[in-house]
1. Over the protein assembly as shown, with every protein chain in place, what whole percent of the accessible area is carbon and sulfur at 1.4 Å, could you tell me?
2. How do A:LYS140, B:LYS5, A:LYS241 rank by accessible surface area computed with a 1.4 Å probe, from largest to smallest?
3. Just give the residues from segment B:251-272 buried by at least 20 square angstrom of accessible area in the all-chains context relative to the isolated chain, probe 1.4 Å, and say none if nothing qualifies.
4. Work out the length of the dipole vector of segment A:9-52 about its Cα centre, built from +1 on the beta-carbon of each Lys and Arg and -1 on the beta-carbon of each Asp and Glu, and round it to the nearest 20 debye.
5. Using +1 at the Cβ of each Lys and Arg and -1 at the Cβ of each Asp and Glu in chain B, identify which of B:TYR78, B:ALA107, B:LEU159 lies farthest towards the dipole's positive end.
6. Just list whichever of A:LYS140/A:LYS334; A:LYS62/A:LYS140; B:LYS140/B:LYS334 have alpha carbons separated by over 29 Å in the model shown.
7. For the protein assembly as shown, what proportion of DSSP beta bridges, expressed in % and rounded to the nearest 5, is antiparallel?
8. Taking the label point as lying 7 angstrom from Cα along the Cα-to-Cβ axis, what are the distances from B:ARG7 to the corresponding position in the remaining copies, in ascending order and in nanometres?
Protein chains: 2
Amino acid sequence: MTGGKIRNMEEFARVSGISRPTVSKYFNDPGSVRSSTRARIEAALEQHDYRPNIYAMNQNRKLTKNVGVVVPLLSDPYFAEIARNLEQRCIAAGYRPTLFSSHGDPAFEVEVLETLRSLKPAGVLLAPLGRASDRQALEKFCSDVPTLIFDSSVDEIGLAFVGSDNFQFTAHITDYLCRTGEPPCFFEMKTPANPNAHRRRQSYLNAMQEFGHTPHVISIDGEGWGFEEIGRLGGHEALQKGSFSTNTILCSNDRLAIGLLTACYEKNIRVGRGDDCAIRVAGQDGHPHSRYTCPPLTTISHNYDAVSQTAAEALFTAIEGQVSPWKSTRLEGKLILRDSA
Amino acid sequence: MTGGKIRNMEEFARVSGISRPTVSKYFNDPGSVRSSTRARIEAALEQHDYRPNIYAMNQNRKLTKNVGVVVPLLSDPYFAEIARNLEQRCIAAGYRPTLFSSHGDPAFEVEVLETLRSLKPAGVLLAPLGRASDRQALEKFCSDVPTLIFDSSVDEIGLAFVGSDNFQFTAHITDYLCRTGEPPCFFEMKTPANPNAHRRRQSYLNAMQEFGHTPHVISIDGEGWGFEEIGRLGGHEALQKGSFSTNTILCSNDRLAIGLLTACYEKNIRVGRGDDCAIRVAGQDGHPHSRYTCPPLTTISHNYDAVSQTAAEALFTAIEGQVSPWKSTRLEGKLILRDSA
DNA sequence: GGCATAATTTTACGCGCGTAAAATTTATAT
DNA sequence: ATATAAATTTTACGCGCGTAAAATTATGCC
């Protein structure tokens with residue numbers, strides 16, 4: 001960084017001894033210019049640290065390099081983690097990711113999509129709110145912007161869907177619980193925000209039938225995204241009423257389980273698989289926090305890396321021109337055995 | 001939304017019967033045009049749902065309406081929560097917030113600032129990584145872009161600093177612990193990422209001296225932002241060695257406390273203030289998760305709302321032209337009594 | 001060395017809007 | 001009604017870059 005400040009691409013082209021259109025081409029795709037030219041531009045870049053004006057760039061480009069990443073609730077570490085993962089993959093692939101959270105609010109989700117639309121992104125990685133989402137708005141957005149849906153599926157919209165195999169999740173952990181103790185009952189929200197919850201319930205019912213056990217589902221009240229509190233309150237009520245039919249409780253997700261663990265603590269009920277424990281509790285998701293609950297939570301974890309890799313690559317492929325029919329990819333989870341079950 | 005698609009402001013101006021420069025003025029600041037004109041534009045807006053091209057807008061505007069919000073680690077729900085709060089205040093004030101996480105990495109923090117710079121933001125709300133931050137890069141950025149520092153202070157850079165009063169935090173909770181049981185020892189990281197940790201240790205030492213007790217600090221090893229794991233491992237070691245001099249442990253922050261609680265669980269040590277409990281554990285921060293630990297964590301909470309409101313307003317005031325000398329605002333925290341101490 | 005091909009340069013235009021200055025209209029006060 | 005200030009319109013230019021077409025130059029190959 002020596003020379004005076006470079007004001008625009010014209011000046012930068014002059015100092016690097018290359019024509020402006022070629023410089024423009026370089027910034028659009030460094031591989032599209034001859035390697036000797038690329039070397040000269042990069043040498044000049046070291047001297048002058050010029051960066052093209054992104055507004056002027058994006059105004060005229062047919063396709064920006066922007067990628068939107070939208071999650072339902074960024075304050076949920078699960079989504080924060082997957083968003084971070086996706087963000088890094090976008091950067092690595094030469095895109096400019098922008099992060100958005102719907103904050104659990106369908107109206108805000110629509111606003112986010114509107115904002116996103118005005119960003120003219122090359123593509124969007126969208127984890128919809130689910131049940132509460134404005135289907136029509138989503139559909140319209142997907143028809144305008146190349147959108148890959150992840151985490152939670154809403155019909156067959158967008159380019160494709162990538163997420164976890166919730167049937168496998170619940171079947172697998174139900175199997176584990178049945179083999180190691182009393183068959184589990186299933187603890188869930190009556191009106192879950194996320195459609196994955198329905199698959200999990202169904203998978204639980206299937207698995208129990210297959211194993212020859214009688215299923216038992218406890219559906220608790222509660223609206224919104226405060227799952228821990230919903231789980232805690234629902235747990236208190238269920239414990240009070242004796243709604244749990246066995247000593248083993250499989251929760252629809254980890255955050256619900258975390259709330260239930262708190263309820264158990266508050267009711268002085270010892271959780272775990274030891275002889276001195278009254279009940280076993282398991283979750284589903286492999287939530288970043290699940291390692292640190294007391295007891296640490298047995299759960300079945302998303303394959304964060306594989307989900308984000310598959311999702312990101314599918315989007316990039318589509319952006320770069322490969323058209324392929326809508327497809328749903330569901331990845332298996334991995335059982336994580338800890339002390340709670 | 002009736003009429004055909006509007007391509008640009010020219011067309012929109014035509015259908016609304018207003019000149020383009022006035023329409024432009026409206027979008028820049030709706031209050032700057034006569035109310036009758038505003039009404040006509042807004043009527044047209046209902047009919048045609050036109051939105052100005054943000055790239056063309058920002059290219060020419062001297063000052064964009066963009067505001068960057070940068071936190072050290074978005075997967076920490078504490079930062080996610082404060083980021084959400086700030087984001088909403090920006091929107092309410094008519095700005096366009098963009099969220100960034102440094103992901104705990106000083107090199108990435110610098111990259112974020114570079115990205116931000118090319119966004120030509122009107123202002124930035126920045127929570128620095130702290131000790132690991134590239135001071136020079138931060139300082140240079142602050143001299144180019146109106147930046148308000150929050151959460152963790154780095155010298156006297158930027159427009160101002162807004163955060164919590166860590167001295168008050170620790171003094172207050174230390175006082176509480178002393179009054180209700182054995183005086184606490186202090187559990188912290190040897191090389192904390194965040195400078196607030198130093199203030200808290202110092203405040204602990206001051207408070208203990210003032211109350212006439214002998215302070216005792218346990219400084220544990222560990223690098224990075226995986227505080228729970230650091231707290232858990234450090235907790236195991238300290239418990240093993242009998243490093244805790246009293247039955248009461250005040251942790252430098254909630255995440256460390258969460259890890260310590262897990263260690264206690266794993267060592268079968270009962271935590272709480274009941275007669276059957278061996279030790280008391282308290283945290284600091286009012287972390288969103290602290291309600292759901294087992295036992296629920298006694299802590300002293302940031303005033304999230306007040307911090308974000310003060311920070312946001314200070315930035316907006318500065319953006320809108322009010323120059324005022326650098327100032328540090330530190331807000332008091334509120335004690336939250338739960339079962340752990 | 002000559003040729004086909006690819007890369008680059010030249011030239012020129014346009015994107016959608018901000019903005020400034022002067023002319024004109026409208027609102028407000030006297 | 002008239003003067004004055006404020007808002008709006010007209011006109012015109014420029015921002016920094018993408019992009020297209022044609023002309024030129026460089027590269028690889030036999």
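1. Values: 13840 of 28770 Å².
The value for the protein assembly as shown is 48 percent carbon and sulfur by accessible area.
2. Of A:LYS140, B:LYS5, A:LYS241, the descending order of accessible area is B:LYS5, A:LYS241, A:LYS140.
3. Residues of segment B:251-272 that lose at least 20 Å² of accessible area once the other chains are added: B:ILE258, B:THR262, B:TYR265, B:GLU266, B:ASN268, B:ARG270.
4. Value, rounded to 20: 200 debye.
5. Farthest along the dipole direction, towards plus: B:LEU159.
6. With Cα atoms farther than 29 Å apart: A:LYS140/A:LYS334; B:LYS140/B:LYS334.
7. Percentage antiparallel, nearest 5: 10.
8. Result, one decimal in nm: 3.1.
The values are calculated or read from the model by the stated rules, or taken from the named source; none is laboratory data. Just so we're clear, the structure is a prediction, and the values are computed from it rather than from any experiment. Note that we place each Cβ from the backbone using ideal geometry, even for glycine, and neighbour counts take in every protein chain shown. The protein model used for the area step is the full one, side chains on, heavy atoms only, and it has no ligands, DNA or RNA in it. Shrake-Rupley method; radii C 1.70, N 1.55, O 1.52, S 1.80 Å.
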